[in-house]
1. How large is the helix-only mean residue ellipticity at 222 nm for the chain, computed as the sum of -39500 (n - 2.57) over DSSP H runs with n ≥ 4, divided by its residue count, in deg cm²/dmol to the nearest 500?
2. Please list 3J(HN,Hα) in residue order for the stretch 102-114, calculated via the Karplus relation 6.51 cos²θ - 1.76 cosθ + 1.60 where θ = phi - 60°; whole Hz, with x for glycine and proline.
3. Quick one: 3J(HN,Hα) in Hz for the stretch 37-46, Karplus 6.51/-1.76/1.60 with θ = phi - 60°, rounded, Gly and Pro as x.
4. Based on alpha-carbon atoms only, what is the radius of gyration of the stretch 82-154 relative to the globular estimate 2.2 N^0.38 Å?
5. Between the stretch 93-124 and the stretch 28-81, what's the alpha-carbon centroid distance in Å?
6. How big is the Cα convex hull of the chain in projection, averaged over all directions, in nm²?
7. Please list 129-142, 45-58 highest first by mean number of surrounding beta-carbon atoms within 10 Å per residue.
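Every read-out reported here was derived from the displayed coordinates using simple, explicitly stated rules and does not represent laboratory data. Computed from a prediction, not measured in an experiment: that's the story for all the values here. Using ideal geometry, Cβ is built from the backbone for each residue, glycine included, and neighbour counts are taken over all protein chains shown.
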Amino acid sequence: MGSDSESERTAQKEREKKKYLAIAPIAKPLAGKKLSKRTLKLVRRAAEHKCLKRGVKEVVKSIRRGNKGICVIAGNISPIDVITHVPILCEEANIPYVYVPSKEDLANAGATKRPTCCVLVLTKPTKGELGQEEQEKLKGECDQVASELSELANTMF
């Protein structure tokens, strides 16, 4: 029985290794394991409250309209040209952004089956209202992840 769990563990490590090998060279700042997990948790919570924009087209449209939040971009997109303009738009609009290793994990966190290039986590829903307590909790989590992202960006440059 112990050998089964060992083989599962080694298979999981191989999958993790493959995930990191597929990452594009421009994927910086890349979230580490802990930050990636926290960011995907934030994406999951935002998807539950309908505070999420999925896909390049929706994200670009939201940024141009002036919506604020956190942009999460998948690092293993091929061809990378599809998303190269998104970080520039985020920097111009003062929106923090981060790359996560896998588009599949990003899609699972965003409650879709289809792999997703990027998502924009909004602090409030575009349509309807969110309860005061839930909105404060989401905003607090968003601020916490944003502060970690700024620390990560400061260590890079």
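1. -17500 deg cm²/dmol
2. Taking θ as phi minus 60°, the curve returns 10, 6, 5, 5, 5, 5, 5, 5, x, 6, 10, 8, 7 Hz for the stretch 102-114.
3. Those phi angles translate into 5, 5, 5, 5, 5, 5, 4, 4, 5, 5 Hz.
4. 1.22
5. Their Cα centres are 3 Å away from one another.
6. That works out to 10.7 nm².
7. So the order, starting with the most tightly packed, is 45-58, 129-142.
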